[in-house]
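> One structure is given below, represented as structure tokens, and several questions about it will come after.
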Amino acid sequence: MTGAVGKTMAGDPHVAVQHPDTLEVAPGTEHENLEGWIPQLASEEEIRIALEKAFDYRGDVSITLKSGNKIQGYIFDRRSGKTLADSCVRIFPAGSEQKLSVAYADIAALAFSGKDPAAGKSYEAWVRKYWEKRMVGEKSVGNAAEALD
């Protein structure tokens, strides 16, 4: 591997390498804006994709069970099995310290109901705001991170 942009890794001509030291800002993870999204759960694939996104989501979700009960909380774990009955999400219900395990097969609806506390708070956004303030002449621009709310 070399340190220059555009060079290849270990002689593999198909793998382009961008060395972080040569970039002004290293690329980060892109997060979808899922807040308010209510996915269709018509097929097994749609259920699995939606629950994987719910696991990656940094806010609360609302789960409606086939029994009609509703659970709102934070999904902190998921286990993917061969069938929907073998797969489950683990959730911290809002206002409780207990942990619930819910089988994918028991879920009738899912909504990304809670605010994503880190939305728009990426390092790239912070750097852009910092330089915008500097360009208009602000002298007291600090390097403290913004509150996540």
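> Can you spot a residue in segment 65-80 that is touching a strand residue (DSSP E or B) at 6+ places or on another chain (Cβ under 9 Å), surrounded by 11 or more Cβ atoms within 10 Å (Cβ to Cβ) and modelled with pLDDT under 90?
Within segment 65-80 (the criterion being touching a strand residue (DSSP E or B) at 6+ places or on another chain (Cβ under 9 Å), surrounded by 11 or more Cβ atoms within 10 Å (Cβ to Cβ) and modelled with pLDDT under 90), the answer is no, since none of the residues qualifies.
> A further question on this structure: Confirm whether GLY142 is modelled with pLDDT under 80 and either touching a Gly at 6+ places or on another chain (Cβ under 9 Å) or within 16 Å of ILE49 (Cα to Cα) (or both). Break it down into steps so the answer makes sense when it comes.
Numbers: modelled with pLDDT under 80: yes; either touching a Gly at 6+ places or on another chain (Cβ under 9 Å) or within 16 Å of ILE49 (Cα to Cα) (or both): no.
For GLY142, the condition - modelled with pLDDT under 80 and either touching a Gly at 6+ places or on another chain (Cβ under 9 Å) or within 16 Å of ILE49 (Cα to Cα) (or both) - is not met.
> Having 3 or more residues that are touching a residue at least 24 places away in the same chain (Cβ under 8 Å) is the bar; report the strands (runs of 3 or more DSSP E) wholly within segment 30-98 that clear it.
In segment 30-98, 61-65, 70-79 are the strands (runs of 3 or more DSSP E) which contain 3 or more residues that are touching a residue at least 24 places away in the same chain (Cβ under 8 Å).
The values are calculated or read from the model by the stated rules, or taken from the named source; none is laboratory data. These numbers come from a predicted model, not from an experiment. Here Cβ is always computed from backbone atoms with ideal geometry, including for glycine, and neighbour counts include all displayed protein chains.
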